[in-house]
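Notes follow once the structure below has been shown.
Every number in this text was worked out from the coordinates using simple rules, so none of it is lab data. Just so it is clear, the model here is predicted, and its values are computed rather than measured. Note that each Cβ is placed from the backbone with ideal geometry, even for glycine, and that neighbours are counted across all protein chains shown.
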Amino acid sequence: MKKFAALEKTLPLIRNIFIPSLIFAAGLLGFYLYAPFSAAVNNTFHILFYVLGFCCFLILLYFNQNKPVFIIFCISLAYILLNFLKIRLGTDFSLSPAYRNLCFFIPLNLGIFYFWPRRRLLCRTNVYLLLAVFFQYALAEHLTAAEITVSISSFPHLLGNGLFFFIIGASFIKAVRSGSNTDYASFFSFLSVFCGFYYAAETSALPVFFFCAMLCLSIAIAQNLYNETYKDPLTGLASRNSYMIHAKNFPLKYSIGIISIDDFDKLGDNFGKRVRNILTKLIAAQISGVEKEESIYRYSPDEFVIIYKNLDKNESFERLETIRRTIAGASFLYNPKRKALKLTVSASVSEKKRSDASSVEVLVRARKVLQKTRSFSHNVTSKA
C-alpha cells in the first residue's frame, strides 16, 4: 500500500510537468542553437502567439472562466509594449525608464493574477480588477514621462528581476504542492516570459519565448476543459458529464451499479478535505483495480456509477459484492506517518426494464434502494 501511495503522488507529477517543460526546453535550446531566426520564422511565431491568445480568450469567455484570461492579458500586454519600445527606442530601449517600469509592473501583475481566486469571468469584481490594471499602466506612463523608475538607481533591474524570481519560485512551489497541470504550465509560462525580458535585445527572443509561454497556457487550458467535460479531475475516472453523454449509447440490456463511500461527510469533518480527497482517490483505484472492463464514472463526490453491459442485476450484484468486500478488507494509508484507515462502501444495483424510457430511471431506482438501505445499515449491497 505504501508503494501504491507513492506511485499515486509521482505519476501525476511526471504527467503534468512533461509537456510544459518540453515546450520550454525546446524554445530555450532552439534559441541558443539557432537564433537569430529568419524574419519569416520570427513572423510565424509572432502570428501564432496572437492566434493562440485570441483563441484561448474566446474559449475562456465561452466557459466563463476568469483566472487564465488575466494571465494571458498580462503576457500579451507585455509582448506588445516590449515590441513597441524596441521599435521606438532601438537598441537603447533597455536603458529607458519605460522598460525599467515594465520590468516591475509585469511580474507584479502576473503574481496578482496567478494567486487571484478563480471566479466567473463575467462579474463586477473582474471589471474593477481590469480598471486597476489600466490605472497601473496609466501610472507607469506618467512615471516614465517624468523619467521616474520604480527601481533602485544603482541596480536598475534588481527590483523587477526580484519580482520575477519571486513569482517564478512561488509558482513552482505551488505546482509541486498541487501537482496541477495548470500550475506547472503557469510556472513554465512565467519562466518563458522572464527569458523574453532577459534576452529582449535579441531579435528572436520575444517571439520565441512569448510563443512558448502562450503555448504552455493554451495546452493546459485545453486539457482542463477536456478533463472537466469528460474526466473527474480528482480520480481520473469518467465524470458525470461523460456519463450523460455516454448514456445515449448504452445497449438494450444493462444494469447500473452505484457505489457510495460510507460516512463521507464524517471523513471531511474528522480529517479535512485534503485527506478525504486522498482517500477518495484510493477507493477509486480499488474499484478500477477490481472492475477493469466496465465503464466507471464518478457521479458525485461520494458516488461511483458502474455500467454493466449485457448483464442482469443478479450478475451485477455479484460483481458489486466483490468490490465491496475488497474495499472492506483493504487498509488505506493516506500518510506514511499515520495509521492506515479501514473504510467501507455501500452499493446497489438496478437492471434496465422495458418500461424505462432512459438510464435516468434506472439510476434513480438504484439510488432510492441505496438510500433506503443506508438509513439503517452500512457496508452492504442491495438490489432494486
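Assorted remarks:
- Neighbour-count order for C55, C216, C74, fewest beta carbons within 10 angstrom listed first: C55, C74, C216
- Of the trypsin sites (Lys or Arg not before Pro) found in segment 238-307, those that fall in a DSSP loop while having at most 15 other beta-carbon atoms within 10 Å are K253, K292.
- Taking the inverse of the mean reciprocal distance over all distinct Cα pairs, the Kirkwood hydrodynamic radius of segment 2-230 comes to 18.4 Å.
- Taking chymotrypsin sites (Phe, Trp or Tyr not before Pro) across segment 296-384, the ones in a DSSP loop with at most 13 further Cβ atoms lying within 10 angstrom of their Cβ are F376.
- Projected label distance in nm at L33 and D269, using a 7 Å step from Cα toward the beta-carbon: 6.0 nm
- Our Cα-only numbers for segment 225-383 put the radius of gyration and Dmax at 15.4, 53 Å.
- Each of Q223 and S21 was given a label point 7 Å from its Cα along the Cα-to-Cβ line. The distance between the two points is 1.2 nm.
- Contact order normalised by residue count of segment 2-230, Cα under 8 Å, 6+ apart, percent: 33 percent
- Antiparallel DSSP beta bridges within the chain, percent to nearest 5: 85 percent
- Were the residues from E315 through F54 laid out at 0.36 nm apart, the gain over their Cα-Cα distance would be 88.7 nm.
- Length added when fully stretched, Y128-I47, from 0.36 nm per residue minus Cα-Cα: 26.1 nm
- Neighbourhood charge, 11 Å Cβ-Cβ cut-off, centred on Q65 and excluding it, Lys, Arg +1 and Asp, Glu -1: +3
- Degrees separating the helix 273-290 axis from the principal Cα axis of the chain, which is the longest one: 60 degrees
- Mean residue ellipticity (222 nm) of the chain, computed from DSSP H runs ≥ 4 via -39,500 (n - 2.57), nearest 500: -22500 deg cm²/dmol
- Between W116 and K248, the C-beta separation translates, for a Förster distance of 35 Å, into a calculated FRET efficiency of about 0.35.
- Segment 305-383: trypsin sites (Lys or Arg not before Pro) falling in loop per DSSP and having at most 14 other Cβ within 10 Å: K337, R338, K339, K342, K353, R354
- Gain upon complete extension [N64, S300; 0.36 nm per residue less C-alpha separation]: 82.7 nm
- Relative contact order, percent, the chain [alpha-carbon distance under 8 Å, six or more residues apart]: 16 percent
- Peptides 19-31, 121-133 ordered by packing proxy, namely the average of other Cβ atoms within 10 Å per residue, highest first: 19-31, 121-133.
- Check: the chain dipole with +1 on Lys, Arg Cβ and -1 on Asp, Glu Cβ, in debye: 1500 debye
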